[in-house]
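Visitor: Right, I'll just put the structure down here and ask away after.
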Amino acid sequence: MTQDRLLLDVTAGRDGRRAREDGHMELELRHLRVLCAIADTGSVGRAAAALGASQPATSTQLGRIERFLGSPLFERTASGVLPTPFGLEVLTAARDVLARADRLGHRGTEDATPTPRVVRLAAPLTPVLPGLLAEARRQRPDLRFTVSGTHRPPDVVGLLEQGAADVGLAIDHRGRELRHSSVIAYRSIVTEPSFVALPAGHRLRHRAEVALSDLAEEAWLLPPDDGAGWHAVFHGACGAAGFTPLTVHEFLGGRLELQELIAAGLGVSIVRASTGPLADVVVKPLAGAPIRFRQLLLWRPGAVGEDVVETLLGAAGAAHRDLVAGSSRFRA
């Protein structure tokens, strides 16, 4: 493109007004790339290195963007930064704008009727997958997806490394980052806390949030080990809360089956924060968010271009935002 300037259509701030400290500042593509780099790397310093800029300059740029939009985009933590709910909304729109700009830049070299491109996706049947595919098809009618389902993140990596998939979805946990070879690139979609699902008549059902230590006497429903360290993460969090689970039932099934077992009083379970309302089951935040996981988009750079990657990241962000909208506890 000859002009590197596009406005981002996002309502900013609680009162819907943009801050005016930066005068006539307009959001440009370079600003959006800064935001995406910070989100992808989880650090202002790492984003600066990836962009070839200094950390002070990148931090200053982020501050100007946040003042312009009138609300913080990232939450500072001991290990880096995480997008705020408003930041997730902005990032979703930013990735969409960047993907559209990239397509405009290549329009002159493409045929009027593009040949459908098949993208082989390896992914677990996660709640975000249907929305991601629907949004990606809406944005890119030229893309066709085939899906290989697996619940183990290492299997997703294996399919990519073997050339049997082009793109993958997976999760990992802090301190147990997913291992992969140099033939795979990845970006973080979102880091999300885990909640707990309890029977509707549970003694803690009226709590706004539940401490993990309050569940020391409970039986637990856990999926089989996913190869990404989930069992170690769960037992480590319980140990940090001062207890060892007395009873653990290994469970492999879908959302409906899990709901029925919890409702029947067989046990409680860790679930995603974006889990929507369940009949006869209540979903509560865990105090202090002791268990978090990161959703990742992985791909083979030789198999798909940056335009497809940006489309999928934007679609994943939009799908996750829709899930959050259906979870009142997560919104709160």
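The values are calculated or read from the model by the stated rules, or taken from the named source; none is laboratory data. These numbers come from a predicted model, not from an experiment. Here the Cβ positions follow ideal geometry from the backbone for every residue, glycine too, while neighbour counts run over all protein chains shown.
Visitor: If you go through segment 310-322 one residue at a time, do you hit one that is under 30 Å from Arg187 (Cβ atoms), surrounded by fewer than 20 Cβ atoms within 10 Å (Cβ to Cβ) and of a type outside the set (Lys, Arg)?
Guide: Yes, segment 310-322 has at least one match.
Visitor: Determine which single condition Ala263 fails, assuming it passes every other condition in (1) at pLDDT 90 or above; (2) within 17 Å of Ile184 (Cβ to Cβ).
Guide: (2)
Visitor: Just for segment 75-96: of the residues that are crowded, with 16+ Cβ neighbours inside 10 Å and either over 25 Å from Gln55 (Cα atoms) or of a type in the set (Asp, Glu) (or both), which one is modelled with the highest pLDDT?
Guide: The residue in question is Glu89.
Yes or no, residue by residue, for (1) within 14 Å of Ala122 (Cβ to Cβ); (2) over 22 Å from the mean Cα position of the chain (by Cα):
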{"position": "Pro154", "(1), (2)": "yes, no"}
{"position": "Val190", "(1), (2)": "no, no"}
{"position": "Leu198", "(1), (2)": "no, yes"}
{"position": "His202", "(1), (2)": "no, yes"}
{"position": "Arg207", "(1), (2)": "no, yes"}
{"position": "Val210", "(1), (2)": "no, yes"}
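Visitor: Given the criteria outside the structural domain of Ala78 (by TED's automatic domain parsing), within 18 Å of the chain's Cα centre (by Cα) and either under 30 Å from Ala93 (Cβ atoms) or modelled with pLDDT under 90 (or both), does Val167 qualify?
Guide: Yes, satisfied.
Visitor: Considering each of Ala219, Ala264, Ala232 in turn, give the residue that is more than 19 Å from Pro285 (Cα to Cα), outside the structural domain of Pro124 (by TED's automatic domain parsing), over 23 Å from the mean Cα position of the chain (by Cα) and surrounded by fewer than 17 Cβ atoms within 10 Å (Cβ to Cβ).
Guide: Matching residue, one of Ala219, Ala264, Ala232: Ala264.
Visitor: Taking the condition among the basic types (Lys, Arg), within 23 Å of the chain's Cα centre (by Cα), at pLDDT below 90 and not assigned by TED's automatic domain parsing to the domain that holds Pro83, does Arg138 pass?
Guide: In short, yes.
Visitor: In this structure, does Gly302 turn out to be surrounded by 22 or more Cβ atoms within 10 Å (Cβ to Cβ) and more than 23 Å from Gly227 (Cβ to Cβ)?
Guide: No, not satisfied.
Visitor: All but one of (1) touching a Ser or Thr at 6+ places or on another chain (Cβ under 6 Å); (2) surrounded by fewer than 16 Cβ atoms within 10 Å (Cβ to Cβ) hold for Ala197, so report the exception by its number.
Guide: Going through the list (1) touching a Ser or Thr at 6+ places or on another chain (Cβ under 6 Å); (2) surrounded by fewer than 16 Cβ atoms within 10 Å (Cβ to Cβ), Ala197 breaks only (2).
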